[in-house]
1. So for region 121-246, what are the equivalent ellipsoid semi-axes in whole Å, largest first, each being the square root of 5 times an eigenvalue of the Cα gyration tensor?
2. Which of the GluC sites (Glu not before Pro) found in region 36-103 are loop residues per DSSP with 11 or fewer other Cβ atoms within 10 Å of their Cβ?
3. Rounded to whole Hz and in sequence order, give me ³J(HN,Hα) for region 236-245 from the Karplus expression 6.51 cos²θ - 1.76 cosθ + 1.60, θ = phi - 60°, writing x for Gly and Pro.
4. Taking R0 as 35 Å, what's the FRET efficiency between Glu35 and Asp129 from their Cβ-Cβ distance, rounded to 0.05?
5. I need two numbers for region 1-81: Rg to one decimal and Dmax as a whole number, Cα atoms only, in Å.
6. Residue separation times 0.36 nm, minus the C-alpha to C-alpha distance between Ala194 and Gln233: what's the value?
7. Is the C-alpha gyration tensor of region 183-243 telling us rounded, prolate or oblate? Criteria: a/c under 1.5 is rounded; beyond that, a/b larger than b/c is prolate, otherwise oblate.
8. What nm value, rounded to one decimal, do you get for the distance between Asp43 and Leu157 when each label is placed 7 Å out toward the C-beta?
Amino acid sequence: MDVETSCDAGVLELTLNRPAKKNALTEAMYQALVEGLSRAEADESVGAVLIRGEGGVFSAGNDIGDFIAAVQTGRGLAAADFVRKLATFPKPLVAAVDGLAVGVGCTLLLHCDLVYASPEARFSLPFVDLGLPPEAGSSLLLPRRVGLARASAWLLLAESFDAQEAKDAGLVNAVVAAPDLPAFAREKTRKLAAKPRAALMESRRLLRGDPSELAAHMEEEFSAFMSALHSPQTQAIFAAFLAKSK
């Protein structure tokens with residue numbers, strides 16, 4: 001399974017397990033993630049969710065070939081369903097990031113309440129270089145989280161950054177040695193799951209503010225993203241990327 005699901009001590013754990021492809025996300029993986037989050041939301045025994053990657057990498061973002069095939073065949077983009085689910089998910093989300101966190105592998109972290117990373121973690125938001133605007137609400141959430149100047153460098157210049165910079169900026173809560181990261185993140189997620197549920201969820205809701213603003217911004221992003229995706233310039237960039245990867 002490219003997405004493994006397990007449940008223990010009130011924590012539902014979603015593990016990206018496609019290390020040979022750097023955990024690049026396919027339509028099927030997005031669907032599995034949505035199903036996992038839906039299960040966690042409905043299951044009263046689940047108090048929090050942990051997302052992590054296997055094989056020394058978190059996620060290289062979209063599997064470009066699979067993504068383009070989905071667009072060309074007119075299938076609904078499961079990636080959009082996934083980020084919408086993240087934005088409306090009512091229970092705490094925790095991420096453990098080891099290795100690469102690229103594209104949506106990075107923007108999904110903005111929907112997490114706690115993010116822990118190994119010293120080897122490397123973050124990148126290469127949307128502009130691919131001829132695309134940001135997604136997953138990142139053009140709203142990232143400047144809120146790290147400030148406009150840093151968000152501009154990361155999104156407009158597409159400059160990658162390491163775990164320490166991510167921590168200094170406020171994207172990451174703590175940097176933890178890679179061998180200790182899964183257990184550390186599980187412990188923190190279990191602590192969240194053991195808290196009084198109603199108070200925890202209400203506190204989380206208040207911290208996040210008006211959800212309608214994020215929802216409207218994400219729809220605006222999605223419209224801009226899809227428009228750019230069909231532009232000749234972006235299609236040429238993707239064609240060159242696919243040719244290079246063969």
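Computed from the coordinates by the stated procedures, all read-outs in this text should not be read as laboratory data. Quick caveat: nothing in here was measured; it's all calculated off a predicted structure. All Cβ positions, even for glycine, are placed from backbone atoms using ideal geometry, and neighbour counts span all protein chains on display.
1. Working: eigenvalues 197, 89, 41 Å².
Those come to 31, 21, 14 Å.
2. Working: sites: Glu41, Glu44, Glu54; in loops: Glu44, Glu54.
Taking region 36-103 and a limit of 11 other Cβ atoms within 10 Å, the loop GluC sites (Glu not before Pro) found are Glu44.
3. Going residue by residue, I get 5, 4, 5, 4, 5, 4, 5, 5, 5, 7 Hz, with x marking Gly and Pro.
4. The formula returns an efficiency of 0.65 here.
5. Rg, Dmax (Cα atoms, Å): 13.4, 42.
6. Values: separation 39, 0.36 × 39 = 14.04 nm, distance 5.00 nm.
Fully extending the segment from Ala194 to Gln233 adds 9.0 nm.
7. Details: a/c = 7.34, a/b = 1.96, b/c = 3.74.
Since a/c reaches 1.5 but b/c is at least a/b, the shape of region 183-243 is classed as oblate.
8. 4.3 nm
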